[in-house]
Amino acid sequence: MMKGVILAGGKATRLRPLTWVTNKHLLPVYNKPMIFYALESMQRAGIKEVLITSSVEHLPQFINLLRSGKNFNLKLSYAIQEDAGSGIAQAISLAEDFSVNGKILVILGDNIFNHNLTEAVKDFEHQEKGAKIFAKKMPTENKQYGVVELDKKGKVISVEEKPEHPKSDLAQTGIYMYDNQVYKYIHDQKPSARLELEVTDLNNKYLRQGTLTCEIMDGWWIDAGTSYDELLRANNLVSEFIKSGN
């Protein structure tokens, strides 16, 4: 059965001073800590076991808050990311032993959304090999995201990291599914100009293999860890969503 991985590391410099003494994924979003939303998305999708990765100084805070995961009907494990600035792909590599050669659903812990992943998980569990990314339509002038380009049949043509001239209005979100090839690809990966193992470079390896697919998300999606404004927007959207009875 597919396992889950929530990445909750990083330095969160864009949210300082809020993150001087705590991890951004522990900041409140309306009525609960930010990381609860990723955990609840995993649980709704039928995931039973989840690995949480974070830095050595912050991981004890997650353990103290989440403990075994029993309150989410999940079994939680934890892994230390020694270098918070080494990139998303490097953090994903920490799940190699945890996944036991199986498929994984990866969610960046500051992604908050109401798209249901259940069917995508079921479909990917039956897929022979490959990776799946998730995209959300965003304004093309917003250049802080990776951009996914699809052809008329929905096939992925390109994935670019924060391009100056976006080829589409589809932002690559922080939600990914991978088969067990992912660890070999990461081990062979070279650091980018930012000296990070970029997740977009990883996804492009699957694109070249011809096994990368993309699902366009319904509802709303927020990368709440990118700015004060996005964090505020997340609070407001979640508040409206809950008060509307959803």
key: Those trypsin sites (Lys or Arg not before Pro) in region 175-235 that DSSP places in a loop and that have at most 15 other beta carbons within 10 Å   = Arg194
inquiry  = With n ≥ 4 as the cut-off for DSSP H runs, can you work out [θ] at 222 nm for the chain, using -39500 (n - 2.57) per run divided by the number of residues, rounded to the nearest 500?
reply    = -8000 deg cm²/dmol
remark   = Fewest-first ordering of Thr173, Thr22 by Cβ atoms within 10 Å yields Thr22, Thr173
query = For q = 0.29 Å⁻¹, what log10 I(q)/I(0) does region 98-164 give under the Debye formula with an equal point scatterer on each alpha carbon and no solvent?
reply = -1.40
remark   = Contour minus Cα-Cα span, Ser86 to Lys167, at 0.36 nm per residue, comes to 26.4 nm
message = Exceeding 29 Å between C-alpha atoms, which entries from my cross-link table qualify? They are Lys24/Lys48; Lys162/Lys243; Lys152/Lys184; Lys70/Lys137; Lys24/Lys70.
response = Lys162/Lys243; Lys152/Lys184; Lys70/Lys137
ask   = Top mean-square fluctuation among Gln209, Gln181, Gln61, Gaussian network model of the chain, C-alpha springs under 10 Å?
value = Gln209
remark   = Once amide hydrogens are built 1.01 Å from N within the peptide plane, the residues lying 5 or more places from Ile216 or on another chain with amide H under 5 Å from its amide H are Ala135
task = Could you list Ser41, Ser77 in order of exposure, starting from the residue whose Cβ has the fewest other Cβ atoms within 10 Å?
result = Ser77, Ser41
request  = Could you run the Karplus curve 6.51 cos²θ - 1.76 cosθ + 1.60 with θ = phi - 60° over region 96-111 and give me ³J(HN,Hα) per residue in whole Hz, x for Gly and Pro?
outcome  = 4, 5, 4, 6, 6, 6, x, 7, 9, 9, 10, 10, 6, x, 9, 8
remark   = Non-local residues with an amide H under 5 Å from the amide H of Ala131, with H modelled 1.01 Å from N and Pro and chain starts lacking one, are Leu212, Thr213
query = Looking only at GluC sites (Glu not before Pro) in DSSP loops with at most 12 other Cβ atoms within 10 Å, what is the longest site-free stretch of the chain?
reply = 165-246
key: Surface/4 estimate of mean projected area, convex hull on alpha-carbon atoms of the chain, nm²   = 12.9
query = Taking H as built 1.01 Å from N, whose amide H comes closer than 5 Å to the amide H of Ser158, not counting residues under 5 places away?
reply = Glu149
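None of the figures in this text is laboratory data; all of them are computed from the coordinates on show. Because the structure is a prediction, the values reported are computed rather than measured. Every residue, glycine as well, gets a Cβ built from its backbone with ideal geometry; the counts of neighbours run over all protein chains shown.
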